[in-house]
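A.B. asks: So that we are looking at the same thing, I have put the structure below in C-alpha cells.
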Amino acid sequence: MNLNEFSILSLYSAMGLYALAFIAFSIDLARRSSAVGDAQGAAQLAAESAGSGAALSGGTTTLTRISARITNDAATPYGRSASLRVGVSLTLLAWALHLAATVLRGIAAERVPWANMYEFAMTGTLLIMTVFLIVLSRADLRFLGTFVTGLVLILLGIAALRYYVEVAPLPPALQSAWLVIHVFVASLGTGFFALGFALSTVQLLQFRRESLVAGTKATLLRFVATLPSSATLENFAYRLNIIGFILWTFTLMAGSVWAEQSWGRYWGWDTKEVWTFIIWVIYAGYIHARATRGWRGSRSAWLAIIGFSAVLFNFGIVNVFFKGLHSYSGL
C-alpha cells in the first residue's frame, strides 16, 4: 500500500470511530431526557396525590435537583457519565486517525492537503474537530458532541463518496504560499463558526423551553433542561463567533492579496469572492447588532445560524455549481 491508500484507510477508520462516538453522545442525551422525564413524572404524581400547590412545588424542586445533578456531572471533566467519557475517548482516537489521514495525504501529494474539495473537506472537518476538542479543555461543551461528530461524519461521507480524486499536482493558480495561509485560516474560522452555530441552535431550544409555562417545560426535548441557560449559551456562541469573524476578516484580506498576485486585481466580483464577503457582512451585522443594538436572545441566535448556513452554501454549493475563477476548487 502507498501513502495515499494508508490515508484512505485511516480516514475510513476515523469515520467509524466518529460514528461510535456519535452513538455514545446520543446515549448521554437520552439519559438526560429520561432523568428529566422521571423527575417530571414524580412531580406530577406528587401534585395529584397531595392535591396541593405545596406538593407541586416539592415535585418541581425534585425536577430541579435532578437536572442540576446531571448538569454538575457534565461540568466535571470526564465526569461520572460513562457515555460521555466513552464519547470523548472515541472522538480523540478518531481525531488522531483523522490527523494521520490528512498528513499522509499531504505527504503523498508533496504539498498541503487542501487543493480540492476532497482534501478541503478532510482538512476542514479536522479543524472543526480540533477546535471542539480545544474548547472542551476550557469549557464543558460535551453536550455538543452529537452535533459535531454528526456534522463531521456527514461532510466526510459526502467528500469520500462524491469528491474523491487521486493525488495530482497543483494547478498554476494554486502554486502560491497564499494557498497555505488563506485556505487554512478560512478552514479554522469555519471551525469556530460551526461551534457557534451549534450553540446558537441549542440556545433557541433553551430559550423556547424557558419561555414555556412550568407544566410543559419537560415536553420540549427534555435533555435541554439539563443544559446551561440560554444566556450562558448565547455568551459562549458570541465569543466563538467573534474569533471566527476575526479569522474570516483575515481570510477576506488574504484572498484579496492573493487575487492581486494571481489575476492582477484585488477584487473582481467573482462568485466566490462575493459570497465570502456576504458571510463577512452577516457576521459583522451579528456582532454589531448584539453589541450596540441590544439584539439578544433568539434574534442574535438566528443571525448566527444564517451566517453559518451561508458558510455551508459557500463551500458546498458555490464551490461546485457556480462557474468562475475559483472553479478549480470545486473538484
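A.B. asks: Of all the accessible heavy-atom surface of segment 248-331, with the other protein chains kept in place and a 1.4 Å probe, what percent is carbon and sulfur?
C.D. replies: On the way: 2930 of 4300 Å².
For segment 248-331, the apolar C and S fraction of the accessible surface comes to 68 percent.
A.B. asks: Leaving out ligands, DNA and RNA, and with a 1.4 Å probe, what % of the accessible surface on segment 91-218 is carbon or sulfur? Let's see the in-between values first.
C.D. replies: On the way: 3610 of 5030 Å².
Solvent-exposed carbon and sulfur of segment 91-218 make up 72 percent of the total.
A.B. asks: Residue by residue through segment 87-95, which ³J(HN,Hα) values in whole Hz follow from phi under the Karplus form 6.51 cos²θ - 1.76 cosθ + 1.60 (θ = phi - 60°), with glycine and proline marked x?
C.D. replies: For segment 87-95, the Karplus curve yields x, 5, 4, 5, 5, 5, 5, 5, 4 Hz.
A.B. asks: I need the phi-derived Karplus couplings for segment 165-174: 6.51 cos²θ - 1.76 cosθ + 1.60, θ = phi - 60°, integer Hz, Gly and Pro marked x.
C.D. replies: Rounded to whole hertz, the list is 9, 5, 4, 9, x, 6, x, x, 5, 9.
A.B. asks: Tell me the net charge near V318. Cut-off is 15 Å between Cβ atoms, V318 excluded, with +1 for each Lys or Arg and -1 for each Asp or Glu. It would help to have the intermediate numbers written out before the result.
C.D. replies: Working: positive: K272, K323; negative: D270, E273.
That sum, taken over residues with Cβ under 15 Å, equals 0.
A.B. asks: Now a separate question. What nm value, rounded to one decimal, do you get for the distance between R162 and R299 when each label is placed 7 Å out toward the C-beta?
C.D. replies: 3.6 nm
A.B. asks: Then there is this: Might you report the magnitude of the Cβ-based charge dipole of segment 242-331 about its Cα centre, with Lys and Arg at +1 and Asp and Glu at -1, to the nearest 20 debye? Before the final figure, lay out each step's value.
C.D. replies: Working: 7 positive and 3 negative charges, 78 e Å.
It works out to roughly 380 debye.
The values are calculated or read from the model by the stated rules, or taken from the named source; none is laboratory data. Owing to the predicted nature of the structure, the values given are computational and were not obtained by experimental measurement. Positions of Cβ are generated from backbone atoms using ideal geometry, with glycine treated the same way; all protein chains shown enter the neighbour counts. When the accessible area is computed, the model is the full protein with side chains, heavy atoms only, and any ligands, DNA or RNA have been set aside. Shrake-Rupley method; radii C 1.70, N 1.55, O 1.52, S 1.80 Å.
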